[in-house]
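Below is one structure, written out as structure tokens, with a few remarks after it.
The values are calculated or read from the model by the stated rules, or taken from the named source; none is laboratory data. Computed from a predicted model, the values in this text were never measured in an experiment. Backbone-built Cβ (ideal geometry, glycine too); neighbour counts: all protein chains shown. These accessible areas exclude ligands, DNA and RNA; they are computed on the full protein's heavy atoms, side chains included. Shrake-Rupley method; radii C 1.70, N 1.55, O 1.52, S 1.80 Å.
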Amino acid sequence: MNRAGMRGSAPLEGIGSPDAQFPEASVERTVEWVDTDASGHQHNSAILRWVEAAEGELFRRLQLPDYFPSAPRVQQVVNYTAKLWFGQRVRTTVKITALGRTSLTMGFEVRGESTGAPDDATPQAGGVAAFGTVTTAHVPSGASTAQPWPEQFVRAVHGTA
């Protein structure tokens, strides 16, 4: 197990049920000036914006546009492991790791690309900069509590739609 109790040598390797092949999606971005804080590296909120962008890509690919207005976050866990700097390219990947009756959990990681610096101690050496999980619940419009996911949603997530 690694730092966060996830299996595998990297945050997204080997998580979830060994029998479940859940979908994943990635987006690439450049750390912009607005993404940084006063110390010059990424602001903690930038990580979650990039995760949400990858999540959007995932649910567009699954053709589930109704997911967003009915899936509020119930938990977010972020482990920050390295800094990302203005101008650095990053790749954010989200993968569904569990689908419950009324909830869904995604694992994510944000990786910075190496700038080619010869020394791994440099700020832009690359590698995993953040990883964690996001859990949502299915609360359809008009409902005040979590409800079971619709069958069409379950089939799309399991790849049987």
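Give me the percent of the accessible area of segment 20-148 that comes from carbon and sulfur atoms, probe 1.4 Å, all protein chains in place.
The nonpolar share, carbon plus sulfur, comes to 50 percent.
Among residues other than V134 whose Cβ falls under 10 Å from its Cβ, what is the net charge (Lys/Arg +1, Asp/Glu -1)?
My count for the surroundings of V134 gives -1.
Near R49, within a Cβ-to-Cβ distance under 11 Å, what is the net charge of the other residues, with Lys and Arg +1 and Asp and Glu -1?
So the environment of R49 carries a net charge of -3.
Residues with beta-carbon under 9 Å from that of F86, excluding F86: net charge, scoring Lys, Arg +1 and Asp, Glu -1?
Around F86, the charge tally is -2.
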